[in-house]
Each structure stands twice: as structure tokens, then as C-alpha cells.
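The block underneath contains the structure these notes are about, expressed in C-alpha cells.
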Amino acid sequence: MNDADAQKRAAGEAAAALVDSGMVVGLGTGSTAAWFVKAVAARGLDITCVATSAATADLARDLGLKLADLGEVREIDLTVDGADEIGPGLSLIKGGGGALLREKLVWEASRRCVVIADAAKRVPVLGQFPLPVEVVAFGHPTTALRICDALAECDLGAAARLRSRDGAVVRTDSGNVIYDIPCGRIEDPAALAAALKSVTGVVDHGLFLDLADLALIGAPDGVVSLEP
Ligand code: 5RP
């Protein structure tokens, strides 16, 4: 296991200690969240889980965790998830794994959200990681042009790159496509978030602002806790 993986695992295991029996728990998506899912399952608690992707649901089911749909639970007590970048005030870029829409739905339904990551995810300014934007498939190239207009209004001249894998356009669990936007530096994340949401056809974006209550970040000498 390399250093980053060890840090992800330590962060996931630290987050698992926050879970108590009887809780409804949101399960994030990605390699760090998978460490959390495994650590929670190993504790053998009586919990109900809401997964943020089909991949995480498969993992949770294989590990014997009880699953419910988001619509079946009134509220989620605690959600634990990874991130692609952690910036000032625990502002985040998420969606590298393509699950940003379900992740945001679950995060917003949660009383407490904990982001877990390896130390390399901490950045002074968001934007080095290309910002994922989930777009309705119908007419998506036209929506992409309108996204570029919205970016220009935020003084970001970035192009929007349609996400593909092995020559095929990636579809999300909700059947949408994703454009990745290399912004460079996002000086005003709230303004960019609002501009993107104003484009018809944009379902959501990977900026998670004012949502994380705590970060648990693996480091060479242990796990560091950060609050907004
Ligand atoms: C998936 C995500 C992931 O949490 C993010 O991409 C981090 O992944 P990893 O833990 O594998 O580095 O937002 O949509």
C-alpha cells in the first residue's frame, strides 16, 4: 500500500469511529470512501446506509450492510465521503468518480457531513482539479457552449471537456453526462456555483460549499481534524 492509500485508509477508519448503532449513514463514493465503508462494516453496528452510487451500494451489500434509498429515510445522521480538493473553509471539489449528483443529494439531506482524504487533497485555492459538471444528455454539446459563456462571466476562460472512458462517453448513474472544466484558480467559488446552476441543462456541479462539517485528513503522522 502506498502512502496516499495508507492515509486514505487511516482517514476512513477514523471516520468509522464516529458511527453509532441506530444511525442512518450516508456512504460516499471513491477509493477513500471505500475504506470507510469497509471499516464501518467491520464494526458490525445496526445501521441503515444510503449509498451515493451503484458502485458503493454493491460494495456495501457485499459487506452485509443494510441499504435504503434516499427517499425512504427521513434524514441522514452522518455522511462520510471523499473529495478531489479541499480548499479554504472546507470548500470542496467533488465528482472525480462521477457521483457528484447523488453525493450532493445525500450530503444535503444529512445532519452532519464528514469529508475524508489523503493529505494531497488539501489546496490553498480550489480549481487545479478539473471541476466536474453533470449535464442532461439531451443536447449536451449546446449546453457545454452555454457553460463556457457562464465561465466567461466569472472571468474563467476554461474549456469544458466531455468525460469519456475507453472511447465511450461516460454516463452517470442518473443517465447524464459529465463535462470536466480545468479552471486553474477559482477565486469566487460561490459565484461560479451560481453561474453554473443558472444554465438550463446543468443538473449540478462538483463545488460543495458550506456542506462539510469536519475533515479527517490522513497525514504521515496520523489523522488531522479540520473544521470550517
Ligand atoms: C466521487 C468523488 C470522490 O469522493 C472523489 O473523486 C475522491 O475520490 P478518491 O477517494 O478515490 O480519491 O467525489 O464522485
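Can you pull out the strands (runs of 3 or more DSSP E) entirely within the stretch 182-228 that have at least 2 residues that are at pLDDT 95 or above and among the small types (Gly, Ala, Ser)?
Passing ranges, in order: 214-219.
Is it the case that some residue within the stretch 157-180 is out of contact with any His (no Cβ under 6 Å at 6 or more places or on another chain) and either assigned to a helix (DSSP H, G or I) or in the same structural domain as THR56 (by TED's automatic domain parsing) (or both)?
no
In the stretch 64-89, which residue that is more than 23 Å from LEU216 (Cα to Cα) and open to solvent by 50 Å² or more (accessible area, probe 1.4 Å) is farthest from the ligand (Cβ to nearest atom)?
ARG74
With THR172, THR142 as the choices, which residue is more than 15 Å from GLY206 (Cα to Cα) and among the hydroxyl-bearing types (Ser, Thr, Tyr)?
Checking each option against the conditions leaves just THR142.
All but one of (1) more than 25 Å from ALA6 (Cα to Cα); (2) in a loop (DSSP other than H, G, I, E, B); (3) among the small types (Gly, Ala, Ser) hold for ALA144; state the number of the condition that does not hold.
For ALA144, the failing item is (2).
Count, please, the residues in the stretch 90-104 that happen to be open to solvent by 10 Å² or more (accessible area, probe 1.4 Å) and in contact with a Leu (Cβ under 6 Å, 6 or more places away or on another chain).
The total comes to 1.
For the stretch 107-136, what are the residues that are within 14 Å of the ligand (Cβ to nearest atom) and in a strand (DSSP E or B)?
CYS113, VAL114, VAL115, ILE116, ALA117, ASP118, ARG122, LEU131, PRO132, VAL133, GLU134
Of everything in the stretch 18-48, what is open to solvent by 70 Å² or more (accessible area, probe 1.4 Å), away from the ligand (no atom under 14 Å from the Cβ) and touching a helix residue (DSSP H, G or I) at 6+ places or on another chain (Cβ under 8 Å)? Give them in sequence order.
Hits for the stretch 18-48 are ALA42, ARG43.
Is it true that ASP213 is assigned by TED's automatic domain parsing to the domain that holds LYS8 and open to solvent by 50 Å² or more (accessible area, probe 1.4 Å)?
Answer is yes for this residue.
If you go through the stretch 184-195 one residue at a time, how many are on the phi < 0 side of the Ramachandran plot and open to solvent by 20 Å² or more (accessible area, probe 1.4 Å)?
7
Quick check on the stretch 119-175: of everything there that is on the phi > 0 side of the Ramachandran plot and touching a Gly at 6+ places or on another chain (Cβ under 9 Å), which residue is least open to solvent (accessible area, probe 1.4 Å)?
Per the criteria, the residue is GLY127.
It is to be established whether one or more residues within the stretch 46-57 are within 15 Å of HIS205 (Cβ to Cβ) and under 11 Å from the mean Cα position of the chain (by Cα).
Within the stretch 46-57 (the criterion being within 15 Å of HIS205 (Cβ to Cβ) and under 11 Å from the mean Cα position of the chain (by Cα)), the answer is no, since none of the residues qualifies.
Among the strands (runs of 3 or more DSSP E) contained in the stretch 1-91, which hold 1 or more residues that are within 16 Å of ALA215 (Cα to Cα) and at pLDDT 95 or above?
Here the list reads 24-27, 76-81.
The values are calculated or read from the model by the stated rules, or taken from the named source; none is laboratory data. The model shown is predicted, which means the values in this text are computed figures rather than measured ones. Here the Cβ is made from the backbone with ideal geometry for all residues, glycine too, and neighbour counts use every protein chain on show. Surface accessibility is based on the protein's heavy atoms, side chains included, excluding ligands, DNA and RNA. Shrake-Rupley method; radii C 1.70, N 1.55, O 1.52, S 1.80 Å.
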